[in-house]
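Asks: Input: one structure, supplied below.
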Amino acid sequence: MPSNQIPADVGVTGVGLVPLPLNEPGAGDAAASASRADDLYRLSDPLLSEVGLEELLDTVLGRIREILHVDTVAILLKLPGAAELIARAAKGLEEEVAQKVRIPIGRGFAGRIAASRRPIFVPEVSEADVVNPILREVGIRSLLGVPLIVEGELIGVLHVGSLTPREFTANDAELLALAAARVAPGIERARLFDELGRQQSVAESLQRGLLPDRLPTLPDVDVAARYVPAIDEVGGDWYDVVELRAGRVGIAIGDVVGHGVRAAALMAQLRAVLRAYAFTEPDPATVLTLLDKYVQHSHPTGLATVVYAVLDTEDGTLTLAVAGHPPLLLVGDGTAALHDVRGGPPIGAVPFPHYAAHTVHLARGETAVLYTDGLVERRGETIDTGLERLRQAAVGELDPERLCSRLLDELVHGTRAPDDIALVAFRRPRLTAMLELRISARASALSPVRRSLRSWLREHGGDRTVVDDIILGAGEALANAVEHAYRSGDGDVQLRAELDGDTVSITVIDHGAWRPPRLETDRGRGLAIMRSTMDDVEITREALGTRVVLRRSLTAP
């Protein structure tokens, strides 16, 4: 026969070998017996279980080539979801791998091994059904191959070849089957790790892509946030910061129960839905109630903990509603305290849940921190231990950026934790004698600046009527700079407000070249408004831009 199967006693069952009737060595065969024992050890070396896939394949194939004195040794793996083998690794005939040779299962030498799951010996390639053209082109004459099987499932084929005609023995087949039994589990384990890594990479990319790419620039609030994926698998932690109307800021943080792509996808939906409700519903408790209805209807098995808070930047009122989430952390001068309000159940946990809004005052310079449980929970200890560790780590640091970094460094040592972590810190800046703001030259940026200026003036004791006048006059100066200074719209405008006794000086600076008004009737309106609302107005046009200085007493006339 041009090709024939080695007898049944050379077959492989599962990942074990069927015992072979080897020749008993005589007294003169002691050296051969010792050499064979060494060969068996080299192929079953327990240290091979501790190396990576590439090193495992390189080492095992090299040892097989040396032990069996063959010219080529190769591994072909079964393609997932297809009836084909593809060359994965080779020694002596690397072209198979470079050209990604594919063999249909059931055809040719390797394909028949895969189909029958039994070793096959081909004494003469030229007379056999060998569909791999590379084997013929390089002049391979004889072949021996065995299946790679893990837990009853075929994963590939291991074969060797010789450039000269050769009779492979049952002992050769046993050695090759032993090598197959060693390398097959390693390959499957590496495949599993690769797939888990791919899934985690997809989920992590998805989650990072669906979290805010940057936080909004808020004149009245300093904000910082962090997201740290888990060591093993991405979860559903998320955060969001939304600029609302009338000087209000919405801050949300949540944790979807579960891990992987599904949890990350649900996280993205919850963030989007909560953001939509935040723009239409001023009450945080109502927002959580609507979010729960969405989950109950669209994701009946979904479950998430959430905190949604709304900060009024003018008076520091922080209104929040809690759905099964860890408590808010408030950090002040030398202090840190957990504010554990009575919350409702997690989103999606029970029908018709009740959520209530609670109010906390965030003083100037004080920092609030929202976080997910991955920051504080540790296996084998109570949640109270983790919360106390968090509280102690926060003492003495009020800057949101530095506080986020400190908490991650001290609580998870700056590395990835068993569970993913989301963290948001925000602070109302301290009141100072000078207010400095820089905005892009866009009309949409004017409203937040006016609110910041109003809050600064009011907190410095400005009369309400006087403050309204100042905001009107300063607003005109800002609007003129935005409208006229930059023809391309690409630039910035600076505002600086300073107190000298009870007199405030407001300076508006741009770095553009003012264009002339389109109509003669446009002249003078802005300047007239400034002069009517302020005690003094100075306008200086320079080569590098325009400077407008407005002065007004804060005392009512």
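Asks: So which of Ala336, Ala304 ends up being in contact (Cβ under 8 Å) with a residue 12 or more places away in the chain, in contact with a strand residue (DSSP E or B) (Cβ under 8 Å, 6 or more places away or on another chain) and either surrounded by 22 or more Cβ atoms within 10 Å (Cβ to Cβ) or among the basic types (Lys, Arg) (or both)? Can you show your working first?
Replies: On the way: Ala336 fails: either surrounded by 22 or more Cβ atoms within 10 Å (Cβ to Cβ) or among the basic types (Lys, Arg) (or both).
Going through Ala336, Ala304 in turn, the sole match is Ala304.
Asks: Give me a count of the residues in segment 230-261 that are more than 30 Å from Glu314 (Cβ to Cβ) and surrounded by fewer than 22 Cβ atoms within 10 Å (Cβ to Cβ).
Replies: Step one: list which residues in segment 230-261 are more than 30 Å from Glu314 (Cβ to Cβ), which gives 230-237, 255-261.
Going one step further and asking which of them are surrounded by fewer than 22 Cβ atoms within 10 Å (Cβ to Cβ), we end up with 230-233, 257-261.
Within segment 230-261, residues that are more than 30 Å from Glu314 (Cβ to Cβ) and surrounded by fewer than 22 Cβ atoms within 10 Å (Cβ to Cβ) number 9.
Asks: Please enumerate the residues belonging to segment 495-515 that are among the charged types (D, E, K, R), under 47 Å from the mean Cα position of the chain (by Cα) and part of a loop (DSSP other than H, G, I, E, B). Lay out the reasoning, then the answer.
Replies: Of the residues in segment 495-515, the ones among the charged types (D, E, K, R) are 496, 498, 500, 502, 510, 515.
Cutting the leftovers down to under 47 Å from the mean Cα position of the chain (by Cα) gives us 496, 498, 510, 515.
Matches in segment 495-515: Arg515 only.
Asks: Can you tell me which of Tyr308, Tyr294 is more than 26 Å from Thr217 (Cα to Cα) and of a type in the set (Phe, Trp, Tyr)?
Replies: Values: Tyr308 fails: more than 26 Å from Thr217 (Cα to Cα).
Just a single option satisfies the conditions, and that option is Tyr294.
Asks: Something else: Looking at segment 277-284, is at least one residue in contact with a Pro (Cβ under 9 Å, 6 or more places away or on another chain), assigned to a helix (DSSP H, G or I), farther than 29 Å from Glu388 by Cα and not β-branched (Val, Ile, Thr)?
Replies: Looking only at segment 277-284, we keep the residues that are in contact with a Pro (Cβ under 9 Å, 6 or more places away or on another chain), and these are 278.
Right, trim to assigned to a helix (DSSP H, G or I) and you get 278.
Now drop any that are not farther than 29 Å from Glu388 by Cα, which leaves 278.
Now drop any that are not not β-branched (Val, Ile, Thr), which leaves 278.
Within segment 277-284, one or more residues are in contact with a Pro (Cβ under 9 Å, 6 or more places away or on another chain), assigned to a helix (DSSP H, G or I), farther than 29 Å from Glu388 by Cα and not β-branched (Val, Ile, Thr).
Asks: Tell me whether segment 179-197 contains one or more residues that are touching a strand residue (DSSP E or B) at 6+ places or on another chain (Cβ under 7 Å) and in a loop (DSSP other than H, G, I, E, B).
Replies: No, segment 179-197 contains no residue that is touching a strand residue (DSSP E or B) at 6+ places or on another chain (Cβ under 7 Å) and in a loop (DSSP other than H, G, I, E, B).
Asks: Go through (1) free of Cβ contacts under 8 Å to residues at least 60 places away in the same chain; (2) charged (D, E, K, R); (3) in a helix (DSSP H, G or I) and name the single condition Asp240 misses.
Replies: (3)
Asks: Which of the residues that make up segment 339-353 are buried (at least 20 other Cβ atoms within 10 Å of the Cβ) and among the basic types (Lys, Arg)? Break it down into steps so the answer makes sense when it comes.
Replies: Restricting attention to segment 339-353, the residues satisfying the condition of being buried (at least 20 other Cβ atoms within 10 Å of the Cβ) are 343-344, 346-348.
Result: no residue meets the conditions.
Asks: Going by the conditions given, is Ala264 at pLDDT below 95, in a helix (DSSP H, G or I) and crowded, with 18+ Cβ neighbours inside 10 Å? Please lay out each step first, then the result.
Replies: Details: at pLDDT below 95: yes; in a helix (DSSP H, G or I): yes; crowded, with 18+ Cβ neighbours inside 10 Å: yes.
In short, yes.
The values are calculated or read from the model by the stated rules, or taken from the named source; none is laboratory data. Keep in mind that this is a model prediction, so the values were computed, not measured. Glycine also receives a Cβ, built like all others from the backbone with ideal geometry; neighbour counts cover every protein chain displayed.
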